[in-house]
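Here's the structure, in structure tokens; my notes come after.
Each reported figure results from applying straightforward, stated rules to the coordinates on display, with no laboratory input. It should be emphasised that the depicted structure is a prediction, and the values quoted were computed from it without experimental measurement. Methodologically, a virtual Cβ is constructed for each residue, glycine included, from the backbone with ideal geometry; neighbour enumeration extends over all protein chains shown.
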Amino acid sequence: MIDNIRNKGFATHALTFNVMMTLYMNLKEYDKVDMMISEMMEKNIRLDIYSYNIWLSSCGSQGSVERMEHVFEQMRLDNTINPNWTTFSTMATMYIKMGRLEKAEDCLRRVESRIKGRDRIPYHYLLSLYGNVGNKEEVYRVWNIYKSIFTSIPNLGYHAIISSLVRMGDIETAEKIYEEWLPTKTSYDPRIGNLLMGWYVKEGNLDKAESFFNHIAELGGTPNSSTWEILADGHIRQKRISEALSCFKEAFLAEGSKLWKPKPVLVSSFFKLCEEESDMSSKGVLEGWLRQSGCLEDESYASLIGLSEEVSTEKDRTGNINDSEGMKYFSTSFSMVYDICIASLCVWRDCFLDLVLGRVSKLKFSRYFTIFSWQLSTGKFYFHANGCREFECLV
């Protein structure tokens, strides 16, 4: 598809390359990101802030501190570019992955110094990344600053702080903040409760997890697929096959479950337990649900749980996607994201219209994305998957 864009003479702006590089990043094809950058330089297409941020992420994802820092130096010397908080949060994320925690914290301080206006999102990143570093004092400090600036905190803010505290093992404070959230919430977000439930199960306290589950129901909360998956994990740990299978069933039936797949490690544990207990019937039931839900159409997923099923190239759950060129480079899910990204380019240049119509017409958005939108001013695309979660694609 990128060749088609080149042949039509459309690859003359950073936005086109940013969209493609974002997709290559999602597919972990980092060498193609490097190729895109090289092509931009050869054609004297100026890199914008999003191009640099993607390039930084690509180098960091490959585990190269030197290359990432070299890219940042080029970015610093480019007088048309002003590194933003996303730049430093990206670098901090990569430093954390590579164990360079001091450098990560230096980047996080730079994130904080670049927050403008009443933008909440940087605070969510700071809470999460300081949690990954394990710096409890900084998590508390950022949280207090956040609360002092904004009179109301959205669910995403509470999710960020509670998630960090749980990762650091500070469950007492996490529970306290959860209690603070309850009277302020506009709606019950099961993802927040799942954080505490997951901890209880991990610590072997299934009784407390089930009690917490009942508490959610009393508040009028609706469990999502992950909620049921957490309970299934608890039952598997206690060798309760029937109860675990019941939880898997509820997970497949939960609202928004069309995009959900049980964690491969959990499915494998359940299969192993069934084999140990000579309960092949229960194993077969879960296998059937996996097949019926389309999970096994993903060959890599099927191989992770010890199953395999030939993927149909003629017709699958998405409708009738049979674009050999697109499928050569993208899995089914990212092919859809790619088409939506390309569609958004129509806003920027009308000459993409013929390309868009030829590909987007093959998709059935309603099954996967109830809303999709873009903001060219910020270089972000937003995908709302059946109200289940929001995916942000930075370009």
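Assorted remarks:
- FRET efficiency, GLU275 to LEU156 (Cβ-Cβ, R0 45 Å, nearest 0.05): 0.65
- Of the cross-linked pairs LYS249/LYS283; LYS258/LYS283; LYS136/LYS176; LYS185/LYS261, those separated by over 18 Å at the C-alpha level are LYS258/LYS283; LYS185/LYS261.
- For ILE149, net neighbour charge (Lys/Arg +1, Asp/Glu -1) across residues whose Cβ lies under 11 Å away: +2
- Cα→Cβ-extended label distance, 7 Å offset, between GLU250 and LEU219, nm: 1.6
- Label sites at THR186 and LYS239, each approximated as a point 7 angstrom past Cα along Cα to Cβ, lie 4.9 nm apart.
- Summarising the label geometry, the points placed 7 Å from Cα in the beta-carbon direction at GLU29 and LYS208 lie 4.7 nm from one another.
- Each distinct pair of alpha carbons in region 237-292 adds a 1/r term; the inverse of their mean, the Kirkwood radius, is 11.5 Å.
- Pairwise FRET efficiency - MET98 versus LYS136, Cβ, R0 = 22 Å, nearest 0.05: 0.50
- Residues SER308, SER246 in ascending order of nearby Cβ atoms (within 10 Å, fewest first): SER308, SER246.
- Length available on full extension from ASP106 to GLN292: 0.36 nm per residue minus the Cα-Cα distance, which gives 62.1 nm.
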